[in-house]
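The values are calculated or read from the model by the stated rules, or taken from the named source; none is laboratory data. Being a predicted model, the structure only gives us computed values, none of them experimental. Quick reminder, even Gly has a Cβ in these numbers, built from the backbone with ideal geometry, and neighbours come from all protein chains shown.
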Amino acid sequence: MNVADSFPLGAATTLAELARDPHPRLALLRAHEPVSWLPELDGWLVTRRDLALSVMRDAETFTVDDPRFSTAQVVGPSMLSLDGDQHTRHREPFTSAFRPRTVHDGFASFIERETDRLITTLQPTGAVELRRAFAGPLAVAVVTEALGLVGTTPVTVLSWYDSIVRSVSAITAGHEVEPAGAAAYARLRAAVEATVAGRGGSSLLVSAAGQLALPEVASNAAVLMFGGIETTEAMITNALLHLLRHPDQLALVRADVDLLDGAIEESLRLEPGAAVVDRYATADIVLGPAAIRRGDLVTVSLTGANRDPAVFADPDRFDVRRENARLQLAFAHGPHYCLAAHLARLETRIALQRLLERLPALRLDPDRPATAHGLVFRKPPTLHVLWNSPA
Ligand code: HEM
């Protein structure tokens, strides 16, 4: 019997459907085929939270270290594409900079300043598309600050990022590395080398260079850039969309700003900015209903796991007071748990708090509705909002 015959729901699942509105399909899969073979994915999809945890915890059996991994084809091996001792060696030089206290002391005032600067520019207009005018620029500015590359600006970093992303996407679609992607990565590498040679600017990259070879510092710098732009833009945009769509929940947050943290966790739970993580099986193994073969792609649906009713009661509800919302898996789990989760949370918290404080009666533009979209990175393509401007 063909593997697809054993997983009829998986066989009927399309990637277009998962990009558009994945939740009903993921609920079906989780209930009946919690590890399912998706012919369109050419891999397994894991949707139950306990099974998702088993995969992400066991890096020996489910590794990221595989030649098919597209990011590594463009930027070389990094913490994101290695496992075991090599992963530890690449990640360790960066961990202390992203601890909660260090992040708070090092970034809070920068994020506040940058957020205020962006809002001050927007404020008089009374209407804006917030993803491109606010969330994106803030995410780029914070990553640029975190990398501390000498002689670069957020605009330069964004142009490198765009070229590298296009190249990674081309590889995912089966094409070669694009020359523009390779050139952008070469410029990033040169900036890393100049920063390290000058021993100025970034203590992060300079201290990493004490433990890693220069090309390795550059690969990890690229991964920090990758990790920090698209996902954070999604995190801020999705959280705002959730709050503005639920006026009752927004009123709770306005009455008690401490509930903002709950709102952010709930938004991460319902619509994680990175919807899936990929692993490759290193051995034949049985996982739930699936007989996985060595070499198979195993995709963990963080979105599916995050609405598992076994853990989250009434899982589709946005509830800023949900007590266990922090059990969400938007930042993954295990050895590849997001290095900068504290920074992303701090950034989103400051961004939302300031927007709510400074833009009176902030609301969605009823004529331009926003809906999250995307297979891997999920967010609304645009988030048009209105507020009462002073004039
Ligand atoms: C300042 C912002 C951010 C930076 C600099 C950053 C950086 C990173 C880095 C370097 C890794 C690789 C860790 C490793 O492999 O050991 C990582 C992993 C990850 N990050 Fe982040 N990240 C940021 C924000 C976010 C946000 C907002 C999300 C989702 C909402 C996110 C989701 C993830 C996930 C799911 C992984 C795990 C990937 C995997 O297991 O394959 N990150 N991040």
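Here VAL55, VAL35 are screened, and the one residue that is more than 16 Å from the ligand (Cβ to nearest atom) and under 23 Å from the mean Cα position of the chain (by Cα) is VAL35. For the stretch 184-203, filtered to residues that are under 19 Å from SER96 (Cα atoms) and surrounded by 18 or more Cβ atoms within 10 Å (Cβ to Cβ), the residue that is modelled with the highest pLDDT is VAL196. If you check SER81, SER36, SER70 for being closer than 24 Å to VAL168 by Cβ, touching a Phe, Trp or Tyr at 6+ places or on another chain (Cβ under 6 Å) and small (Gly, Ala, Ser), only one passes: SER81.
Of the residues in the stretch 210-219, none is closer than 19 Å to THR303 by Cα and within 16 Å of the ligand (Cβ to nearest atom). Checked against (1) surrounded by fewer than 19 Cβ atoms within 10 Å (Cβ to Cβ); (2) in a loop (DSSP other than H, G, I, E, B), LEU149 meets all criteria but (1). Per the listing LEU355, LEU362, the residue uniquely in contact with a strand residue (DSSP E or B) (Cβ under 7 Å, 6 or more places away or on another chain), more than 16 Å from the ligand (Cβ to nearest atom) and more than 16 Å from GLY262 (Cα to Cα) is LEU362. Looking at the stretch 282-301, is at least one residue part of a loop (DSSP other than H, G, I, E, B), surrounded by fewer than 21 Cβ atoms within 10 Å (Cβ to Cβ) and among the hydrophobic types (A, V, I, L, M, F, W, C)? Yes, the stretch 282-301 contains at least one residue that is part of a loop (DSSP other than H, G, I, E, B), surrounded by fewer than 21 Cβ atoms within 10 Å (Cβ to Cβ) and among the hydrophobic types (A, V, I, L, M, F, W, C).
The listed residues are ALA239, ALA234, ALA263, and the only one of them that is touching a strand residue (DSSP E or B) at 6+ places or on another chain (Cβ under 7 Å), among the aliphatic types (A, V, I, L, M), crowded, with 23+ Cβ neighbours inside 10 Å and under 16 Å from ALA351 (Cα atoms) turns out to be ALA234.
When residues of the stretch 137-189 are filtered for being within 23 Å of the chain's Cα centre (by Cα) and acidic (Asp, Glu), how many remain? Counting residues in the stretch 137-189 that are within 23 Å of the chain's Cα centre (by Cα) and acidic (Asp, Glu) gives 2.
Determine, yes or no, whether VAL206 is under 20 Å from the mean Cα position of the chain (by Cα) and modelled with pLDDT of 90 or more.
Values: under 20 Å from the mean Cα position of the chain (by Cα): no; modelled with pLDDT of 90 or more: yes.
No.
Residue by residue, here is whether (1) loosely packed, with under 14 Cβ neighbours inside 10 Å; (2) at pLDDT below 90 holds:
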{"residue": "THR153", "(1), (2)": "yes, no"}
{"residue": "VAL165", "(1), (2)": "no, yes"}
{"residue": "ALA170", "(1), (2)": "no, yes"}
{"residue": "HIS175", "(1), (2)": "yes, yes"}
{"residue": "PRO179", "(1), (2)": "yes, yes"}
{"residue": "ALA221", "(1), (2)": "no, no"}
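Take the conditions (1) surrounded by 13 or more Cβ atoms within 10 Å (Cβ to Cβ); (2) part of a loop (DSSP other than H, G, I, E, B); VAL385 misses just one of them, which is (2). Between ALA341, ALA372, the distinction of being among the hydrophobic types (A, V, I, L, M, F, W, C), touching a helix residue (DSSP H, G or I) at 6+ places or on another chain (Cβ under 7 Å), within 30 Å of ASN220 (Cβ to Cβ) and within 16 Å of the ligand (Cβ to nearest atom) belongs to ALA372 only.
In the set ALA283, ALA330, only one residue is of a type in the set (Gly, Ala, Ser), near the ligand (Cβ under 9 Å from one of its atoms) and either closer than 30 Å to GLU112 by Cα or in contact with a Lys or Arg (Cβ under 7 Å, 6 or more places away or on another chain) (or both); that residue is ALA330.
Confirm whether ALA222 is outside any loop (DSSP other than H, G, I, E, B) and within 20 Å of ALA139 (Cβ to Cβ). Considered against the rule, which asks whether it is outside any loop (DSSP other than H, G, I, E, B) and within 20 Å of ALA139 (Cβ to Cβ), ALA222 comes out as yes. Of everything in the stretch 115-135, what is within 21 Å of ARG368 (Cβ to Cβ), surrounded by fewer than 21 Cβ atoms within 10 Å (Cβ to Cβ), out of contact with any His (no Cβ under 9 Å at 6 or more places or on another chain) and in contact (Cβ under 8 Å) with a residue 24 or more places away in the chain? Give them in sequence order. The answer is ILE119, LEU122, GLN123, PRO124, THR125, GLY126, ARG132. Looking at VAL320, VAL277, just one residue is over 28 Å from LEU9 (Cβ atoms) and buried (at least 21 other Cβ atoms within 10 Å of the Cβ), and that residue is VAL320.
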